[in-house]
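Encoded as structure tokens, the structure appears first; notes follow it.
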Amino acid sequence: MTRYKKKNNRIRKNTTKLLVFMGRFILAAVILSVLLVLCFRWVPPPTSAFILKRHFESLFHGKPSVAVKYRWIDLDKISPYVPLAVIASEDQKFPHHWGFDLEAITDAVENNLKGGRLRGASTITQQVAKNLFLWSGRSFVRKGLEAYFTVLLELLWSKNRILEVYLNIAEFGDGIYGVRVAAETLYGKSPSKLTRSEAAILAAVLPSPRKLKVLNPSPFVIERAGWIENQMEQLGGIGYLKK
């Protein structure tokens with residue numbers, strides 16, 4: 001009986017130690033993530049998880065010649081047509097939601113349950129959370145972390161900061177990250193000089209930037225860019241960004 005009690009006590013002690021360790025680990029992870037998000041509220045991210053992933057994929061597949069081009073630029077130095085085009089294309093409720101578009105999520109779930117083409121419902125904030133901090137995939141763990149970082153971004157950053165980071169880490173072509181590199185490489189001009197049609201083309205390739213091309217765009221890209229321009233007008237033009 002005494003031996004049984006000792007064994008039980010040992011199990012309890014080990015369980016308690018494990019729970020304490022897990023609790024401390026989770027607390028440390030939360031504190032670290034909050035500090036990291038707070039840091040990037042003011043400091044330009046030197047890179048992103050997505051950019052690193054693409055870089056290592058190129059190396060793994062023996063394509064080191066695809067150089068990663070990433071240079072930061074402040075939002076106020078970008079043509080207002082670009083953020084407007086991105087909002088029109090990717091997330092028209094961006095100024096009003098808290099990181100999640102519940103209506104789009106519901107529509108996507110219903111469409112997927114009906115056997116329709118799988119489609120996402122990620123907001124701009126969710127895309128920043130995923131591309132800046134996380135890895136690709138559809139696991140519950142990654143989705144849970146994406147939701148966690150999305151909430152952090154909405155709580156600790158302004159909408160302008162979220163949009164600014166998005167425009168700087170978005171992929172616009174093979175090895176081309178951020179609107180500054182896209183404007184200089186693809187159009188040979190400063191991001192501040194991008195026109196409405198150029199901004200719409202850039203936004204049109206965002207869903208699949210390594211297949212859809214900014215230069216010599218396919219009929220699909222041209223049609224999508226036209227739709228984006230129409231949506232930009234429907235939103236109220238660049239005056240929409242000042243609301």
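Within segment 175-234, the set of residues being more than 19 Å from the chain's Cα centre (by Cα), crowded, with 20+ Cβ neighbours inside 10 Å and not in a helix (DSSP H, G or I) comprises LEU194, VAL214. Look at segment 137-154: where a residue is of a type in the set (S, T, N, Q) and a partner is assigned to a helix (DSSP H, G or I), sitting 6+ places away or on another chain with Cβ atoms under 6 Å, you get THR150/THR125; THR150/GLN126; THR150/ALA129. Exactly one residue among ASN168, ASN160 is assigned to a helix (DSSP H, G or I), in contact with a helix residue (DSSP H, G or I) (Cβ under 9 Å, 6 or more places away or on another chain), touching a residue at least 24 places away in the same chain (Cβ under 8 Å) and crowded, with 19+ Cβ neighbours inside 10 Å, and that residue is ASN168. Taking the stated definitions as given, is GLU198 in contact (Cβ under 8 Å) with a residue 60 or more places away in the chain and among the acidic types (Asp, Glu)? Judged against the criteria, GLU198 is a match. Selection of segment 121-136 for residues being hydrophobic (A, V, I, L, M, F, W, C), part of a helix (DSSP H, G or I) and in contact (Cβ under 8 Å) with a residue 40 or more places away in the chain yields ILE124, VAL128, LEU132, PHE133. Within segment 79-93, residues that are in a loop (DSSP other than H, G, I, E, B) have Cβ atoms under 6 Å from residues that are of a type in the set (A, V, I, L, M) in these pairs: SER79/LEU194; PRO80/ILE238; PRO80/LEU241; ASP91/ILE124, counting only partners at least 6 apart in sequence or on another chain.
A short reminder: the numbers here are calculations on the coordinates, not readings from a lab. The model shown is predicted, which means the values in this text are computed figures rather than measured ones. Positions of Cβ are generated from backbone atoms using ideal geometry, with glycine treated the same way; all protein chains shown enter the neighbour counts.
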